[in-house]
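The values are calculated or read from the model by the stated rules, or taken from the named source; none is laboratory data. Everything numeric in this text was worked out from a predicted model, so none of it was measured. In this analysis, Cβ positions are derived from the backbone assuming ideal geometry, glycine residues included, and neighbour counts consider all displayed protein chains. Just the protein is used for accessible areas: all its heavy atoms, side chains included, with ligands, DNA and RNA removed. Shrake-Rupley method; radii C 1.70, N 1.55, O 1.52, S 1.80 Å.
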Amino acid sequence: VRGQVGGQQVASQTMPIQDVVILPGGELAADVAAQIESKVSSTVGIKVQQIPMSKPRQFKAVLVGDGDDAALSSLAKPTTLAVFVVQTIENESPPEEAGACVRFFKRKTHPASLLADKVQFAVLGLGDSNLLLDRQHTSAKDCNQVAQSLDVRFEALGGTRFVARGEADERTGLTEVEPWIDALVGKLKD
């Protein structure tokens with residue numbers, strides 16, 4: 001059963017989460033990932049680990065069960081939540097640290113079922129509308145293209161969205177981050 005949150009399909013009934021894997025892409029994303037890890041592990045008591053988006057072997061093992069590491073490949077199941085925290089930098093591009101992961105998921109050769117019956121996902125975008133000098137009015141929506149495209153792509157590959165995508169803007173002090181983390185933790189507690 002799915003519901004709509006901000007135009008995004010969010011599974012209203014998901015399998016209970018047993019493991020959380022946070023995948024940061026960018027320096028700022030690593031800082032926010034640490035906040036998420038701290039809050040989830042202290043509030044919910046679920047095992048949390050971080051795997052940088054720059055580590056293809058590790059993220060492929062966790063997300064699609066593709067790899068030599070049996071411990072990581074065992075996490076590619078519906079009771080694992082993959083939380084992507086990714087920055088968008090100039091020209092709607094991912095930072096170098098996120099490039100490998102973004103390119104992997106953008107491949108057109110992936111089957112539509114790549115993420116089906118694998119991890120559930122959540123995406124938090126971090127952008128900076130100060131970089132959009134050509135616009136009169138900007139918001140977090142205008143500076144988070146990498147997160148937006150990943151989120152849409154995960155769903156197209158059969159993934160199950162755990163919570164609606166979050167989008168934060170450095171220009172406004174990333175005020176959107178804390179409420180998104182609270183929503184994530186709230187759903188993990190349910």
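Based solely on its DSSP helices, what 222 nm [θ] is calculated for the chain when runs of n ≥ 4 H residues each add -39,500 (n - 2.57) and the sum is averaged over all residues, nearest 500 deg cm²/dmol? Write out the running numbers ahead of the final one.
On the way: 6 runs with 66 residues, N = 190.
About -10500 deg cm²/dmol.
Taking 8 Å as the Cα distance limit and 6 or more residues as the minimum spacing, I'd like the relative contact order of region 15-78 as a percentage.
Here the relative contact order equals 29 percent.
Measure off, as a whole percent, the carbon and sulfur share of the 1.4 Å-probe accessible area of the chain, all protein chains present. Working shown, then result.
On the way: 4360 of 9090 Å².
Accessible surface attributable to carbon and sulfur in the chain totals 48 percent.
How are the Cα pair distances of the chain distributed, in percent, across 5 Å bins from 0?
Result, from short to long distances: 1, 8, 17, 22, 22, 16, 8, 3, 1, 0, 0 percent.
Less than 14 Å Cβ to Cβ from D19, Lys/Arg counted +1 and Asp/Glu -1: what total charge do the surrounding residues give? Intermediate values should be presented prior to the final figure.
Working: positive: K47, K77, K118; negative: E37.
Taking every Cβ under 14 Å from that of D19, the sum is +2.
Label points 7 Å out from Cα along the Cβ direction at K47 and T175: separation in nm?
Taking the simple label geometry, K47 and T175 are separated by 3.9 nm.
At 7 Å along the Cα-to-beta-carbon direction for both A116 and K189, put a label point, then send me their distance in nm to one decimal.
3.5
Give me the net charge for the shell around K55: Cβ to Cβ below 14 angstrom, other residues only, Lys and Arg +1, Asp and Glu -1. Mind dumping the intermediate values first?
Details: positive: R57, K60, R103; negative: D66, D68, D69, E96, E97.
Combined, the nearby Lys, Arg, Asp and Glu give -2.
Taking the solvent-accessible surface of protein heavy atoms with a 1.4 Å probe, what is the per residue accessible area of region 44-95 in Å²? Present the calculation step by step, with values, prior to reporting the outcome.
Numbers: 2360 Å² over 52 residues.
Heavy-atom SASA per residue in region 44-95 reads 45 Å².
Quick one: 3J(HN,Hα) in Hz for region 91-99, Karplus 6.51/-1.76/1.60 with θ = phi - 60°, rounded, Gly and Pro as x.
6, 6, 9, x, x, 3, 4, 9, x
Among the listed pairs K108/K189; K39/K108; K47/K108; K108/K187; K77/K108, which are separated by more than 29 Å between their Cα atoms? Could the numbers behind the result be given before it?
Details: K108/K189 36 Å; K39/K108 36 Å; K47/K108 33 Å; K108/K187 32 Å; K77/K108 23 Å.
Among K108/K189; K39/K108; K47/K108; K108/K187; K77/K108, the Cα-Cα distance tops 29 Å for K108/K189; K39/K108; K47/K108; K108/K187.
What angle do you read, to the nearest 10 degrees and between 0 and 90, between the alpha-carbon axis of helix 177-189 and the longest principal axis of the chain?
Tilt of helix 177-189: around 20 degrees.
Can you give the relative contact order of the chain as a percent, counting alpha carbon pairs under 8 Å and 6+ residues apart? All intermediate terms of the calculation are to be shown ahead of the outcome.
On the way: 405 pairs, mean separation 42.9, N = 190.
Relative CO of the chain lands at 23 percent.
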